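Any read-out appearing in this document is the output of simple, stated calculations on the displayed coordinates, not a laboratory observation. In this text, all values refer to a predicted model and were calculated from it rather than measured experimentally. As a convention, Cβ positions derive from the backbone with ideal geometry for all residues, glycine included, and neighbour counts pool all protein chains shown.
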Amino acid sequence: MSFDVFVQDLPLDTRTVAEIPDDFAPQPIGRRADIVAGILRAVPATNFADPTWGVIDGPGFSIEVNIGPAEVLDSFAFHVRGAEEARFVIADILRELRLRALAPGTDSGFFEPSELGAAYTAWQAYRRQVVGGAPDAEPGAAPDTAR
């Protein structure tokens, strides 16, 4: 079970998801090749052996990057397991790509590294309740099969 962060075109001038205008129509975020190149600039060790599914292994964490097969992307997702330090890796990638992301459990609804600690802690407690206290998968372990 992973903590998920969803990247898409989001208004830059809103502080919370509730402030997104009802008539806002997200645009494509870019070509898959450009998104992958940006991720690799931010985190050169990202493994894109599968060009639709990148993997970043860090000290105590693993991030799967689900970008899918489309040539032009409307969105993609990060699936995080392990230490909450992964938030800084995601922040670096988003900064490089000049994109924003949604993060369930944050006060604003947006991915903000300063807010993510509390959201991640709450998610870990929920996960322990659902899966009976199973720890996060160790980095390098086989990913969840439910994608």
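Here the Karplus curve 6.51 cos²θ - 1.76 cosθ + 1.60, taken at θ = phi - 60°, turns the phi angles of the range 29-43 into couplings of 9, x, 6, 3, 4, 6, 5, 4, 4, x, 4, 5, 5, 6, 9 Hz, with x standing for Gly and Pro.
Using packing as a proxy for protection, rank 58-64, 87-93 so that the peptide with the highest average count of other Cβ atoms within 10 Å comes first.
The peptides rank, most packed first, as 87-93, 58-64.
Per-residue 3J(HN,Hα) values for the range 6-17, derived from phi via the Karplus relation 6.51 cos²θ - 1.76 cosθ + 1.60 with θ = phi - 60°, read 10, 9, 7, 5, 9, x, 6, 9, 9, 8, 9, 4 Hz in sequence order (x marks Gly and Pro).
With a cut-off of 12 Å on the backbone N, the residues of the range 76-91 near the modelled label site 7 Å out from PHE6 along Cα-Cβ are 76-78.
Residue order for GLU71, GLU112, fewest other beta carbons within 10 angstrom first, comes to GLU71, GLU112. Extension gain for ALA18-GLU85 works out to 21.4 nm (0.36 nm per residue, less the C-alpha to C-alpha distance).
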